[in-house]
Amino acid sequence: MFRIVVTDSKGSRSEFEVAGDKASIGRAEENAIVLKGWTVGKHQATVEQRASGLYVVDLGGMSVTEVNGKAVEGEHGPLTPEERRIMERHAEK
């Protein structure tokens with residue numbers, strides 16, 4: 001179990017408790033975390049809890065998945081406490 005906090009461009013915060021070990025992020029309604037905006041892929045990325053920590057996995061669409069402003073190629077992790085911003089340009093709910 002882990003928590004993801006989304007802050008949109010207007011400063012509004014939403015918290016998501018993830019009961020399992022994976023949360024999908026994208027524009028499609030079936031994602032655990034739905035982000036709006038034309039720059040967000042339908043199935044953009046996942047955040048996965050593994051034994052060594054949290055990982056961000058890019059799902060290979062045309063949009064870029066970022067951690068702290070740097071593009072993720074494939075996967076990135078384990079996340080450090082400083083790596084708190086995932087897809088910050090896309091967080092428009």
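The values are calculated or read from the model by the stated rules, or taken from the named source; none is laboratory data. Treat the numbers as computed from the prediction; the structure is a model and nothing was measured. All Cβ positions, even for glycine, are placed from backbone atoms using ideal geometry, and neighbour counts span all protein chains on display. The area values use the complete protein model at the heavy-atom level, side chains included, leaving out ligands, DNA and RNA. Shrake-Rupley method; radii C 1.70, N 1.55, O 1.52, S 1.80 Å.
Quick notes on this one:
- Of the residues 54, 35, 79, the one that moves most in a GNM of the chain with alpha-carbon contacts below 10 Å is 79.
- Percent of C-alpha pairs per 5 Å bin, the chain, short to long: 3, 15, 26, 30, 19, 6, 1
- The mean of 1/r over all pairs of different alpha-carbon atoms in region 37-85, once inverted, gives a Kirkwood hydrodynamic radius of 11.2 Å.
- Comparing 22, 42, 70 in a Gaussian network model of the chain (Cα springs below 10 Å), the most mobile by mean-square fluctuation is 70.
- Take the Cα of residue 85, step 7 Å toward its Cβ, do the same at residue 32, and the gap between the two points is 2.4 nm.
- If you sort 62, 1 by accessible surface, 1.4 Å probe, largest first, the order is 62, 1.
- Our summary gives the chain a relative contact order of 23 percent, counting only alpha carbon pairs under 8 angstrom and 6 or more residues apart.
- Residues whose amide H falls under 5 Å from that of residue 27, counting only those 5 or more places apart or on a different chain, are 35, 41, 42, 43, 44, with hydrogens built in the peptide plane.
- Taking label positions 7 Å along the Cα-Cβ direction at both residue 39 and residue 3, the computed distance is 2.7 nm, reported to one decimal.
- Check: the chain dipole with +1 on Lys, Arg Cβ and -1 on Asp, Glu Cβ, in debye: 260
- GNM result for the chain, Cα springs below 10 Å: residue of 30, 66, 48 fluctuating most strongly: 30
- Taking each residue as 0.36 nm, the span from residue 52 to residue 75 lengthens on full extension beyond its C-alpha to C-alpha distance by 6.9 nm.
- Heavy-atom accessible area order for 16, 2, largest first, 1.4 Å probe: 16, 2
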